[in-house]
There are 2 protein chains.
Amino acid sequence: MPRSLLAALMLLVVGSGPAESADPKTDRPPNVVIVFADDLGYGDLGCFGHPTIRTPNLDRMAAEGMRFTQFYVGASVCTPSRAALLTGRLPIRSGMCSDKRRVLFPNSGGGIPEREVTLAEALKARGYATAAIGKWHLGHLPRFLPTNNGFDSYFGIPYSNDMDRVGGKGPKGRAVFWEPKTEYWNVPLMRDTKIVERPADQTTITKRYSEAAVEFIEENAEKPFFVYLAHNLPHIPLFASDEFLGTSPRGLYGDVVQEIDHGVGQILEALEEQGIAENTIVWFTSDNGPWLPFGTHGGSAGLLREGKGSTWEGGMREPTIAWWPGTIPAGSVTTELGSTMDVYTTSVKLAGGDVPADRIVDGVDLRPVLTGKGPSPRKSVLYYRGTRVFAVRMGPWKVHYVTESGYRRDRVEHETPLVFHLEHDPSEKHDVAKDHPEVIEAAAKFVAEHREKLVQPPSQLEIPLKK
Amino acid sequence: MPRSLLAALMLLVVGSGPAESADPKTDRPPNVVIVFADDLGYGDLGCFGHPTIRTPNLDRMAAEGMRFTQFYVGASVCTPSRAALLTGRLPIRSGMCSDKRRVLFPNSGGGIPEREVTLAEALKARGYATAAIGKWHLGHLPRFLPTNNGFDSYFGIPYSNDMDRVGGKGPKGRAVFWEPKTEYWNVPLMRDTKIVERPADQTTITKRYSEAAVEFIEENAEKPFFVYLAHNLPHIPLFASDEFLGTSPRGLYGDVVQEIDHGVGQILEALEEQGIAENTIVWFTSDNGPWLPFGTHGGSAGLLREGKGSTWEGGMREPTIAWWPGTIPAGSVTTELGSTMDVYTTSVKLAGGDVPADRIVDGVDLRPVLTGKGPSPRKSVLYYRGTRVFAVRMGPWKVHYVTESGYRRDRVEHETPLVFHLEHDPSEKHDVAKDHPEVIEAAAKFVAEHREKLVQPPSQLEIPLKK
């Protein structure tokens, strides 16, 4: 949405009352920081049980905050997952998914539609300074870039770090850790709408993203702000700076995660140094599960089945931590359901606004969970793959209509759906469909009602780039 | 070993100097408490990443102590694993393993040999009060029972809770949670060498074990003591007391783990109330991995492969926590290698003694790891199945000669061994044998040297009960 229209419209759309959770001393709504990893698996943090990846800063964040053990993304791949987080809506509602191309590519002409109210737009309308840092992947044409979608500034790469692959060994001095070494990734690094480096030096990119976030926090400590820090790692190809290379017993993947973890520590420290920790909520999660076909360059979903690209749990349940000293009870662990779409709604509410009333928003307000005062309003999860509902979770039950790996062609359309009790059987090993026809029936009704109300715009992912 | 000879002999065997880590204020060596779960998997605790099993007390123990992420048992099934812990030696050295019967049964006539110096005997020789509570499984004939092996007292069941299966529905009021419900487990509950209840009421057994441990701690707070609390759950069949039944989102298995967790909390509190927490080391671990063929009644090895009975990591790597306020750095996580056999050696050293010098003891002294002052002296792990070395770990590398599930007959004898880098690839997915012939060579040499020095007594597990 063009910036010129934004402020006026937002006042209509998102309300104008005082912030509901404003700091009583300053009448200032809380800052929001979202750190979004790329292809990090459910099992890839120390506090989520990884044996050799060390994440002292994220472990500290969990020890001082809340760990979500049943937290989901809106899709098992990049573009639709990011669209869900930033719009609070299932990707199918914005056209940000497709059955033909799973994500946007450098030859795509589509992107996040103007009519969507991004989280940045909603918070900007409430007076927030907003920054996007890192991977965007919601359209690389100018009108789709962050600075045209509610962000005051942008520093990052416009799509995945494995795109723009070209022959040759790349510029001198650049470490390339993924075979074949006869190609490299000519991904551009952008500032706002300009390319400032190409190929982006990915060996220092994580460090630079974290530093940019810290700098933004320091510069905006006096007003409410929103930082969306979307690391483009540990998506392959993997890169780490000299400072982290070779430091993890887990190898290069561990080095990369440790560098992201280090940046989280810097952000928490910056918030503390600025004296705004108690007025800032920090979220950490990942866009989808681990990319499994790449040997030890891919992560781990822990005890969950499968990974990225799949609607098995490993594809869509993410290691999630929320930190807000003084508001979120320290050291808490919740099994309540949550979703990145709920981060949208919760953030808008925390800012004193409301989500757009003229459309379906799928996010719910997680404030009762965050404060430890009540259950999650979320009772269900829809597992879309492209434009189809492959599975649905209702309470502890998950019903699979179609199953497919994220990387093997093993699609099965189940005549009788599979049913798993996810809280008893998080690894989805023991199908109990025959004992629970009532679950299948309730799920069918729920999905039918959802599909009836669904308005599905044309897919943005199928629009080719005009030459 | 008969009690009469014990004290005299122990002075010769285990030394008589002052305790090396004695409390300087009291010149008193630290108390040792070992809580040993049965068939609990690597992934079954909150602090090891389980999404729906709540273990606030064990999580607290980890937050105040040290979590070991690469800690092993001496065998992947019950009897030999327990023998390893209590002798500090590989089960093959004591004859406590076999290729014909994997554990002792009610119709077995063998048990832990007299010449073995149990941890209880070694600590008793250093003046410790000693108690065995829970499952024994090192021989049920009188001469093999705990009170003839260094323990002042015993309260528990002599073998697994699924043995002595008989027809019928069992005494009234006993909850039986495992099909078929036309049989029950007539396992005796013993006090010292006498049967005091048969069948043991397993619904209250976990609670009674924890209470017995607390009582012993309270009664012995003035002298050094050793408590070996070996819960017989969550081995199937599962039982929970009314207080815990139905409380876990994980279902019955979670209820059972939560009841064990609750008991750990009671023990830590008792130590604090008695003012002896800073002079007590508490260990928590499990005898082997989860028993996988029993649906949701079995546990989870998290991201590790396979479970109980197998020499894949899921069979022998256990969720381990050590707690010793003031000595073990709070909130520490170590990837250093450890083993239950090292608990033996470390405990004997802490008591100011030394391990028997007339035989090979496999345990190493973990004090450098516990104090955060140095690496583990353990650099290797032997994965025995029965009397054969199925695999060996050297540093981060694991070499498999034979692989087999714990419950499927899928044995493969590998002409070229499989090689995994466990710190990069904890799930043992990516065989790198072809790139690392030097690892295969070094492992072969190591195993050959081990086998050359091995003295293998006849198996105790093959001795039938005389009628």
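The values are calculated or read from the model by the stated rules, or taken from the named source; none is laboratory data. Being a predicted model, the structure only gives us computed values, none of them experimental. Positions of Cβ are backbone-derived with ideal geometry, glycine not excepted, and every protein chain shown enters the neighbour counts. Accessible surface is based on the protein model in full, side chains and every heavy atom, while ligands, DNA and RNA are left aside. Shrake-Rupley method; radii C 1.70, N 1.55, O 1.52, S 1.80 Å.
Here are a few things to note about the model shown:
- Residue within the stretch B:109-118 that is crowded, with 24+ Cβ neighbours inside 10 Å and of a type in the set (Ser, Thr, Tyr) present: yes
- For the stretch A:254-295, filtered to residues that are aromatic (Phe, Trp, Tyr) and open to solvent by 10 Å² or more (accessible area, probe 1.4 Å), the residue that is nearest to A:Gly309 (Cα to Cα) is A:Trp291.
- One residue from B:Gly246, B:Gly299, B:Gly295 being under 13 Å from B:Leu40 (Cα atoms) and within 13 Å of another protein chain (Cβ to nearest Cβ): B:Gly299
- Scanning the stretch B:338-354 for residues that are outside any helix (DSSP H, G or I), in contact with a Ser or Thr (Cβ under 9 Å, 6 or more places away or on another chain) and crowded, with 23+ Cβ neighbours inside 10 Å gives B:Gly338, B:Ala351, B:Gly353.
- Near pairs, Cβ below 6 angstrom, 6+ apart or cross-chain, from the stretch A:436-457 (touching a residue at least 40 places away in the same chain (Cβ under 8 Å)) to any residue that is assigned to a helix (DSSP H, G or I): A:Gln456/A:Ile92
- Among the residues making up the stretch B:89-109, those that are under 21 Å from B:Val348 (Cα atoms) and in contact with a Pro (Cβ under 7 Å, 6 or more places away or on another chain) are B:Pro91, B:Ser94.
- Scanning the stretch A:106-134 for residues that are of a type outside the set (Gly, Ala, Ser) and touching a Phe, Trp or Tyr at 6+ places or on another chain (Cβ under 7 Å) yields A:Pro106, A:Ile112, A:Leu119, A:Leu123, A:Tyr128, A:Thr130, A:Ile133.
- Residues being outside the structural domain of B:Leu304 (by TED's automatic domain parsing) and either buried (at least 21 other Cβ atoms within 10 Å of the Cβ) or modelled with pLDDT under 95 (or both) are represented in the stretch B:434-451 by at least one member.
- Note on the stretch A:422-467: residues that are within 14 Å of another protein chain (Cβ to nearest Cβ) and in a loop (DSSP other than H, G, I, E, B) total 12.
- Options B:Gly315, B:Gly309, B:Gly289: the member that is within 14 Å of chain A (Cβ to nearest Cβ) and in contact (Cβ under 8 Å) with a residue 60 or more places away in the chain: B:Gly289
- Taken over the stretch B:223-233, the criterion of being open to solvent by less than 10 Å² (accessible area, probe 1.4 Å) and out of contact with any Leu (no Cβ under 6 Å at 6 or more places or on another chain) is satisfied by B:Phe225, B:Val227, B:Tyr228, B:Leu229, B:Ala230, B:His231, B:Asn232, B:Leu233.
- Criterion: open to solvent by less than 20 Å² (accessible area, probe 1.4 Å) and not hydrophobic (A, V, I, L, M, F, W, C) - qualifying residue of B:Thr403, B:Thr371, B:Thr335: B:Thr403
- Selection of the stretch A:357-389 for residues being more than 27 Å from A:Ile281 (Cα to Cα) and over 20 Å from the mean Cα position of the chain (by Cα) yields A:Asp358, A:Arg388.
- Filtered by the rule that a residue be closer than 21 Å to B:Val257 by Cα and open to solvent by 10 Å² or more (accessible area, probe 1.4 Å), the stretch B:204-222 gives B:Thr204, B:Lys207, B:Arg208, B:Glu211, B:Ala212, B:Val214.
- Pairs where the first residue, in the stretch A:251-266, is without any contact (Cβ under 8 Å) to a residue 24 or more places away in the chain and the second is of a type in the set (Val, Ile, Thr), C-beta under 9 Å, 6+ apart: A:Asp255/A:Thr247
- Checking each residue in the stretch B:370-389 for being in contact with a Lys or Arg (Cβ under 9 Å, 6 or more places away or on another chain) and outside any loop (DSSP other than H, G, I, E, B) picks out B:Ser380, B:Val381, B:Leu382, B:Tyr383, B:Arg385, B:Val389.
- Residues (surrounded by fewer than 18 Cβ atoms within 10 Å (Cβ to Cβ) and in a loop (DSSP other than H, G, I, E, B)) located in the stretch B:406-421: B:Tyr407, B:Arg408, B:Arg409, B:Asp410, B:Arg411
- If the condition is being among the β-branched types (Val, Ile, Thr), at the interface with another protein chain (Cβ under 9 Å from one of its Cβ atoms) and buried (at least 24 other Cβ atoms within 10 Å of the Cβ), then the stretch A:39-78 contributes only A:Thr69.
- Residue in the stretch B:390-403 that is out of contact with any helix residue (DSSP H, G or I) (no Cβ under 7 Å at 6 or more places or on another chain), in a loop (DSSP other than H, G, I, E, B) and within 14 Å of chain A (Cβ to nearest Cβ) present: yes
- Just one residue in the set A:Gly251, A:Gly275 is away from chain B (no Cβ under 14 Å) and on the phi > 0 side of the Ramachandran plot; that residue is A:Gly275.
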